Amino acid sequence: MTTTTDPRAVADTVTDPELPMLTLSDLGVLRDVRVERDGTVVVDITPTYPGCPAMGTMHADLDRALREAGFADVEVRTVPVPAWSTDWITAEGRRKLVEAGIAPPGPAPVRDGGPVSLQPGPTRRSVSCPLCGSADTEELSEVSATACKALRRCRSCREPFEHVKEI
C-alpha cells in the first residue's frame, strides 16, 4: 500500500489517551516523524514520565493511524532523552486544557542536570481556576485521575478541577 499523505500530518491528529482534548503534538510528546530510505515511517515519542502507563496506547494509536493512512511499514520509538517537560505543552494545548476545565501547568521546575525524578513533583502553590479565573484555590489531592494531575477546588466558585502538575 502506498500513499502521498504526509505522515507528520497523520501523526499530528493522534490524541492523548489520558487527555483526549490534546493531540500528542499539543502535549509535546510527539518528537519526530520521518520516512527512512526504505519507506519505513519512524515516529519518536517521549513519555511524560518514566513508566507512564499510556505509552502502549500512544504507540498503538500512532501505528494504527499511520497504517490506516496507507503507510505499510511503521516504527514507533520511545525516546526518553531529553526528558519530557510540561514546558513542551504548546500554547494551543494549554488553551484546550483550560477549555476542558483543567488548569494547565505553570513553568516547569529548573533541573540541576541530575537524574530526573520518577514521580511528578508537587503542584505549584498558586493555581488559578480554569472555570472562573480565581487564584483562590486549594489542593484536595496531590493525585487525581492520573499521577500527572492533582485535584483542586476553587474557593470562589466552589467547583472542583484538575491541574496538570509541573514536571
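Every number in this text was worked out from the coordinates using simple rules, so none of it is lab data. Not measured: the values here are computed from a predicted model. As a convention, Cβ positions derive from the backbone with ideal geometry for all residues, glycine included, and neighbour counts pool all protein chains shown.
Sites listed here are chymotrypsin sites (Phe, Trp or Tyr not before Pro) in the range 45-94 whose DSSP assignment is loop and whose Cβ has at most 12 other Cβ atoms within 10 Å, and the list is empty.
The simple Förster model, with R0 at 22 Å and r as the Cβ-Cβ distance, assigns residue 151 and residue 21 a FRET efficiency of 0.80. The modelled label-to-label distance for the pair residue 13/residue 73, using points 7 Å beyond Cα in the direction of Cβ, is 2.4 nm. When the Cα convex hull of the range 7-78 is projected onto planes of every orientation, the mean area is 4.3 nm². Shape analysis of the chain based on the Cα gyration tensor places the equivalent ellipsoid semi-axes at 33, 17, 12 Å, largest first. With a Förster radius of 22 Å applied to the beta-carbon distance between residue 83 and residue 34, the computed FRET efficiency rounds to 0.55. The HN-Hα couplings worked out from phi for the range 49-58 by the Karplus form 6.51 cos²θ - 1.76 cosθ + 1.60 (θ = phi - 60°) are 7, x, x, 4, x, 7, 4, x, 5, 4 Hz, whole numbers, x standing for Gly and Pro.
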